[in-house]
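What follows is a set of notes on a single structure, which appears directly below.
The values are calculated or read from the model by the stated rules, or taken from the named source; none is laboratory data. For clarity, every value in this text was computed on a predicted model and none was experimentally measured. Counting neighbours? That spans all protein chains shown, and the Cβs are built from the backbone with ideal geometry, glycine included.
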Amino acid sequence: MGLFRKNKGTPLKELERYHGKRVSYVVEREDAEENVIGRTGGISVDSEKLVVVCDGHEVFRCSTDGIVCAELMSHNGADIKGRDMTTGKLRHIVVHYANKR
């Protein structure tokens, strides 16, 4: 019996909060670099996957199983880590929400 247990990912109920969020831009973190991979889009979440679409193109698709998703401290975005469903590569993206007007 330990004090700490391994995090198995973000529960689906928490992921559903991100469904329908409008996105201003998305950056991907690789090593020490951040590259903008998309602008103007949205987030879609269902029971099997989380998808980020920008400018009509899918920029990120990840299974909800094992994904780690957390809101930024400023509450204007989310930090998402998960295995890409198309490439199988572990990816780390930061989604910045669009301002509500």
Being surrounded by 10 or more Cβ atoms within 10 Å (Cβ to Cβ), out of contact with any strand residue (DSSP E or B) (no Cβ under 7 Å at 6 or more places or on another chain) and hydrophobic (A, V, I, L, M, F, W, C) narrows L12, L50 down to just L12
Scan the stretch 66-78 and tell me whether some residue there is part of a strand (DSSP E or B), out of contact with any helix residue (DSSP H, G or I) (no Cβ under 9 Å at 6 or more places or on another chain) and polar (S, T, N, Q). no
For the stretch 29-51, what are the residues that are acidic (D, E) and part of a strand (DSSP E or B)? E30, E33, E34
Evaluate the stretch 52-62: report whether one residue or more is at pLDDT below 95, assigned to a loop (DSSP other than H, G, I, E, B) and within 19 Å of M85 (Cα to Cα). yes
Sort through G88, G66, G77 and tell me the only one that's under 17 Å from K21 (Cβ atoms) and small (G, A, S). G77
Boolean, V26 is closer than 19 Å to Y97 by Cα, touching a residue at least 24 places away in the same chain (Cβ under 8 Å) and in a strand (DSSP E or B): yes
Among the residues of the stretch 64-101, write down those that are farther than 18 Å from E30 by Cβ and loosely packed, with under 14 Cβ neighbours inside 10 Å. D65, A70, L72, M73, S74, H75, N76, N99, K100, R101
Against the condition surrounded by fewer than 16 Cβ atoms within 10 Å (Cβ to Cβ), of a type in the set (D, E, K, R) and at negative phi, how does R61 come out, does it pass? no
